[in-house]
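Beneath this line is the structure, given in structure tokens, with notes to follow.
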Amino acid sequence: MKVIIAGAGRTGKILIRELKENGNEVAVVDIDEERCKEISNEFDVLVFKGDITDIDDLSNMNIKEYEIFISVTGNDEKNILGCLLAKDLGIQKVIARVSDPRLSKIAGKLGITHTICPEEAAAEKILQITKEGRPIEYEDGALPQSYQSLGIKRVRVKVGKNAPVVNMQISELPLKSEWMILRAKDKNDRYIPVDPSLKIQPDYVLELIVKEGSLEAVKALFT
């Protein structure tokens, strides 16, 4: 399957890795030149520098050759517009990461195939959609936590008092290509915004997506 991913951030990198490992042909587009270079150095994929809201840029990428367009930039409006332009250029299945529930409803009415909310584990859901309905495994009837068929797991960890990551900002943490924090709670059980400047503190409860092969190493960082 030929898939083009817009957005070379953390979610985009997880998708690139997993889709490639499952035999898909992947291309990536990002407006940031440094990110494009980083992706080129890290992955064996075709990389375009361009603006997904510019129909000329998309046309120059021969986007109609791809079967799925996935937009996971950090901007809801850009993801929606990029998907709409991709549809206009002939891609039937388009997937947009949309944080605002109101915009998600609008996107659906505009004909966007799927919208994904980051709080609902964007990377796992997008991967599931591209699998054409492969069933998700549930543990004890709870929220989906095991995604062995995708090579990733959803885990919850409580940060230990002597954990190596204590007082480090998310942007400073090691092994970032192996995991993504979905949600975080402080020691008072309140959800807190997950952004690069957040400093990890003891007793924070973190919900993460982790590559199975790195599960123990990632747990060792946080506990």
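The values are calculated or read from the model by the stated rules, or taken from the named source; none is laboratory data. The shown structure was predicted, so the numbers you read here are calculated from the model rather than taken from an experiment. Cβ coordinates were reconstructed from backbone atoms using ideal geometry, including for glycine residues, and neighbour counts include every protein chain displayed.
Numbers for the structure displayed
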read-out	value
Residue match in the stretch 13-20 (condition: out of contact with any Leu (no Cβ under 8 Å at 6 or more places or on another chain), of a type in the set (Lys, Arg) and more than 20 Å from Lys211 (Cβ to Cβ))	no
Flag if Lys187 is farther than 23 Å from Glu42 by Cα, modelled with pLDDT of 90 or more and not assigned by TED's automatic domain parsing to the domain that holds Phe43	no
Odd one out for Ala163, checked against (1) touching a residue at least 40 places away in the same chain (Cβ under 8 Å); (2) closer than 20 Å to Arg10 by Cα; (3) among the aliphatic types (A, V, I, L, M)	(2)
Unique residue being of a type in the set (Val, Ile, Thr), within 19 Å of Ala27 (Cβ to Cβ), at pLDDT 85 or above and in contact with a strand residue (DSSP E or B) (Cβ under 7 Å, 6 or more places away or on another chain) when the list is Ile112, Ile126, Ile91, Ile80	Ile91
Selected residue (only one of Asn24, Asn79 is touching a residue at least 40 places away in the same chain (Cβ under 8 Å), out of contact with any Pro (no Cβ under 8 Å at 6 or more places or on another chain) and closer than 30 Å to Pro193 by Cα)	Asn79
Criterion violated by Ala184 - all others in (1) of a type in the set (A, V, I, L, M); (2) touching a residue at least 40 places away in the same chain (Cβ under 8 Å); (3) crowded, with 19+ Cβ neighbours inside 10 Å satisfied	(2)
Flag if Ile52 is crowded, with 19+ Cβ neighbours inside 10 Å and under 16 Å from the mean Cα position of the chain (by Cα)	no
Test for Ser40: is it of a type in the set (Ser, Thr, Tyr), touching a strand residue (DSSP E or B) at 6+ places or on another chain (Cβ under 7 Å) and farther than 21 Å from Leu182 by Cβ	yes
Whichever residue in the stretch 56-96 is of a type in the set (Lys, Arg) and part of a helix (DSSP H, G or I) and, among such residues, is surrounded by the most Cβ atoms within 10 Å (Cβ to Cβ)	Lys78
Pick from the stretch 18-30, criterion buried (at least 20 other Cβ atoms within 10 Å of the Cβ) and of a type in the set (D, E, K, R), ranking: nearest to Leu85 (Cα to Cα)	Asp30
Where a residue in the stretch 199-210 is on the phi > 0 side of the Ramachandran plot and its partner, wherever it lies, is assigned to a strand (DSSP E or B), with Cβ under 9 Å and at least six apart	Asp203/Lys158
